[in-house]
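The structure appears below as structure tokens.
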Amino acid sequence: MEREMDDELRFHLESRSAELVRQGLSPAEAQRRTRVEFGGVDGTKEACREARGAGWLESLTRDLSFGLRMLRKNPGFSFVAVITLALGIGATTAVFCLVNAVLLRALPYQNPQQLVFLWEPNPHVPGVPLEAWGPFNADFYDWKQRNHSFSSLALFTNDRMNLAVNDRAVRVMASRITGDFFHLLGVAPEFGRTVEADDDQPGKAQSAVISHALWQSQFGSDRGVLGREMQLNARTYRIIGVMPAGFSFPHGTESLETIGKRTDVWVPWAMTAQEKAARDDDPGNAIGRLRPGVSLAQAQAEMSAITAQLDPLHPPALRGSEAAVRPFDVSITGTSRRALLIFMAAVILVLLIACTNVASLVLAQASGRTLEMTVRTALGASRMRLIRQVLAESACLAGIGGLIGVLTAYLAVRLLTRLHPGNIPRIEEVSVDSRVLLFAVGVSLTTGILFGLFPALSASQCNLNEVLKSSGKRTVKGSTGLLHRGLMIAEVALTVVLLAGSGLLIRSFVKLQSVDKGFSPSSTVTMNIQLDGRYSTPERRNQFYRSLVDRTKAIRGVEAAGAVNYLPLGGGESISLLTVEGYPFDKTVFFEERSVSPGYFAAMGMPLIEGRSFTEHETSAGPRIAIVSRSFAKRYFPAESAIGKHFSNYDETTGATSGSSWTIVGVVADVRQMNLDTTPPMQIYTPLWAGGVNSLSIVARTNVSADQLGADMRAIVRDLDRNVAVADVHTMNQLVSAAMAERRFQTALLTSFGGFALFLSLVGLYAMLAYSVRQRTAEIGVRMALGAQRSSVMRMVLREGLSLALAGLSLGMACAWILTRSMSSLLFEVKPLDATTFSAVPALFCAVTLAACYLPARRATRVDPMVALRYE
């Protein structure tokens, strides 16, 4: 093709020259005029090649090779640009790894798009999360019989059980399941079999399926474990199967009891006929599999109709329930979905800031290559050819930055999985897989185009005559400066948006740290104990717990010890409805109820505001006494003492008060029991020995280390009963830290993004002004030669930098005012338009701007007028 093209061009040139000779011109003059008329031969060849689509791979190879040589020629520029891109691409890829694992990757179940959760909430009872509304037992079995939308339905619940193995007891998360559970999920065991419908019958032999992790940790990966017996809560179960690695459902956020937990044992529920007929008991969670072709809306409509038909069968106080059908993946991801999407948007802003910064650097470098581009144009290069050359150089930068970014993302993912708050579902599945690599490649290509396109367009625009006359020392139209300033304003605006978001989270986290918890977490160690069916009477349970508390008090270094059925921030909850003396019953007002032993308030550091605490002699045989929270006393007895006043329990089944009334003997501070970021409801405390609970937490205030006290308490429990396990040994400081972990993780992540963006803006402003000072060296020399003072030159440079910063700041604050409204769910006691944050961000950025502008401004004042006048 090249030979044919040379022959054809030679033929045209010779023909035209011969024609001019026939017209009377000399051969030399004819050849000269032919070349003038024809133009550049090389340019014509290039146009022919592009028209025929030939040589594109060779051309691309040459462009990339030239781009790499240009990067080696400017190592400082290349290093800064590559590191900037690597951090931006790496951060984006790392967050995408989380989004991919949690939101995008298909669940490891058969046809997961057909799986749903089913709830039975009562809209007349406000403030209760959807996850708390499991279906009533009888309603669930009626759903199974009457529906046409589901191929199968299953119930599951969550229990903590004492597993006795190898002469020691450990606590495991267990789940009671109905017979369709594993079949519905479509998960097969690694070996053995799963629980089936025949196992889910009262009177059947106790069988159990264990997780792969439990099989490894407690049974040494012995494949002969099938048929082996184990003790769960002192009852014998036969192992029938081992699930594959990674399967631990239920876990995560689909149930209030399983947040941050992983199930290790599954046992048949085996409900009795009486339990199946109960319409006032809802201990389980329901899942279902839609039939092929049935939509979520169709299933919702059918279940709502069935539930409405069943509603009159409930006790009057429990009527009004509705059916709620939710996609399985949405329930699994829980509240993490919104936070992850916000983080993804934030890290994309970081990537855009990085692209803007690199585009500014490339633009500054391209402005110094005006003469080169002019010569290329004079030799016949088209504008598209010049754009392709600059884009190829940008692609080299983006490719190298992408490779380093993937390595950075791999390290960042390992760090994120270690620092995550524990309630991000499927976090253990985070990995750099093929989808993530494809995303990284796409991001690298996109960034290469984003930061290379504007410089390429600018470099390709040149006036050949004017540039050649000016020797290529300056741009002609000044469009580069305008584009450079526009990019800088956009970078500042994006940075301000990120700073506003991170500032709001920092304010929220500071407020959360300083919130009144109602107890003193320092020097307090806790552990959880759960008794099994051998302790069948309240007397036996109380005897065990009394012995445990008394022996804990006798440990050296223990100042106070007590017990509670639900530990603050420990995950458990008990809600009651009450009627208070002198007030009508209000079913929309709930009360948190706790049973505590004498000494509990002292061990927790909870101040007694009024009255007295419980004594050891107050049991079920004595009068019914209670201690209430300060908010309880203020609401119902604002102008008088609450001591001696009465309230009663309200029975939802009968719709009336039940039992004798409780007499208030004390008032304590309000305690944030479930979490730190919601105002606690009113609380009541009753004597622990009056009820004889199955599970409780021991609390000890001590001046010795938690590890030492934990070992002593384990020894006491082992001495009392070797089949009872000690679990969840923590300090209250650890529980407080865990309660703040999610917000701490969110704040740290978004703050790191904001800090990185602020650093890039600092570098960008500095580079922008340094470049401007270099371009205006001659102008500054003339000004100083004409008498301009150094202070006026410094003000001129500072004014230029501050004008860009203020323009970007105004745009960024307007965008932040709109975008931060989407963060309201992540904030605590801080409004999305918080005045303090929206005042601090401009102040911080102005300070950073002054710091970034000072050095270039100072350098401008040191310009020697004589040297500057000879600059060009």
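List the aspartates and glutamates whose Cα lies under 17 Å from the Cα of residue 276, skipping any in the same chain that are fewer than 8 positions away. Reachable aspartates and glutamates: 120, 139, 142, 180, 198, 199, 200, 311.
Residue separation times 0.36 nm, minus the C-alpha to C-alpha distance between residue 704 and residue 643: what's the value?
Here the segment from residue 704 to residue 643 would lengthen by 18.3 nm.
Estimated translational diffusion coefficient (Stokes-Einstein, Kirkwood radius over Cα pairs, 25 °C, 0.890 mPa s) of segment 95-151: 170 µm² per second. When 419, 720, 786, 155 are compared by accessible surface with a 1.4 Å probe, the order from highest to lowest is 786, 419, 720, 155. Can you figure out the FRET efficiency of residue 277 with residue 540, using R₀ = 35 Å and their beta-carbon distance, to the nearest 0.05? The computed FRET efficiency comes out at 0.70. Multiplying the residue separation of residue 204 and residue 782 by 0.36 nm and subtracting their alpha-carbon distance yields 198.1 nm.
Rolling a 1.4 Å probe across the protein heavy atoms gives the chain an accessible surface of 45 Å² per residue.
The convex hull built on the alpha-carbon positions of segment 106-219 has an orientation-averaged projected area of 10.2 nm². Shown here is the pair-distance distribution of segment 532-591: with all Cα-Cα distances grouped in 10 Å bins from zero up to the longest one, the shares run 17, 26, 31, 20, 6, 0 percent. List residues of segment 697-731, by number, whose backbone nitrogen lies under 15 Å from a label position 7 Å along Cα→C-beta of residue 547. Within reach of a label on residue 547: 714-725. Please go through the residue pairs 587/634; 517/634; 587/645; 45/73 and name each one whose alpha carbons sit more than 26 Å apart in this structure. Violating the 26 Å limit, Cα to Cα: 45/73.
Shape index of segment 196-317: Rg/Rh, with Rg the Cα radius of gyration and Rh the Kirkwood radius from the inverse mean 1/r over Cα pairs, equals 1.04.
Classify segment 744-814: rounded, prolate or oblate, from the alpha-carbon gyration tensor (a ≥ b ≥ c, eigenvalue square roots; a/c under 1.5 rounded; otherwise prolate if a/b is larger than b/c)?
The shape class here is prolate.
Size descriptor for segment 596-751, Kirkwood hydrodynamic radius: 18.4 Å (Cα pairs only, one decimal).
Helices in the chain, meaning DSSP H runs of at least 4 residues, each add -39500 (n - 2.57). Divided by all residues, the mean residue ellipticity at 222 nm is -16500 deg cm²/dmol.
Could you work out the relative contact order of the chain? I mean the mean sequence separation of Cα pairs under 8 Å and 6+ apart, divided by the number of residues, in percent. Relative contact order, the chain: 15 percent. Which of rounded, prolate or oblate describes segment 154-264 when judged by the alpha-carbon gyration tensor and an a/c cut-off of 1.5? Rounded, since a/c falls under 1.5. By accessible area, using a 1.4 Å probe on protein heavy atoms only, the chain has 57% of its surface on carbon and sulfur. Taking chymotrypsin sites (Phe, Trp or Tyr not before Pro) that fall in a DSSP loop and have at most 16 other Cβ atoms within 10 Å as cut points, what is the longest piece of the chain between them? Within the chain, the longest run free of exposed chymotrypsin sites (Phe, Trp or Tyr not before Pro) spans 1-584. Report, ordered by chain and residue number, the aspartates and glutamates lying within cross-link reach of residue 553, taken as a straight Cα distance under 15 Å and ignoring same-chain residues fewer than 8 apart. Straight-line reach from residue 553, under 15 Å: 616, 712. The radius of gyration of the Cα set in segment 712-868, together with its Dmax, comes out at 27.2, 96 angstrom.
Hydrodynamic analysis of the chain uses the Kirkwood radius over alpha carbon pairs. Inserted into Stokes-Einstein at 25 °C and 0.890 mPa s, it gives a translational diffusion coefficient of 74 µm²/s.
Summarising the label geometry, the points placed 7 Å from Cα in the beta-carbon direction at residue 317 and residue 4 lie 9.4 nm from one another. Once R0 is set to 45 Å, what does the formula 1/(1 + (r/R0)^6) return for the Cβ-Cβ distance between residue 574 and residue 437, expressed as a FRET efficiency to the nearest 0.05? With R0 = 45 Å, the Cβ-Cβ based efficiency is 0.40.
The values are calculated or read from the model by the stated rules, or taken from the named source; none is laboratory data. It should be emphasised that the depicted structure is a prediction, and the values quoted were computed from it without experimental measurement. Note that we place each Cβ from the backbone using ideal geometry, even for glycine, and neighbour counts take in every protein chain shown. With ligands, DNA and RNA removed, areas are computed over all heavy atoms of the protein, side chains included. Shrake-Rupley method; radii C 1.70, N 1.55, O 1.52, S 1.80 Å.
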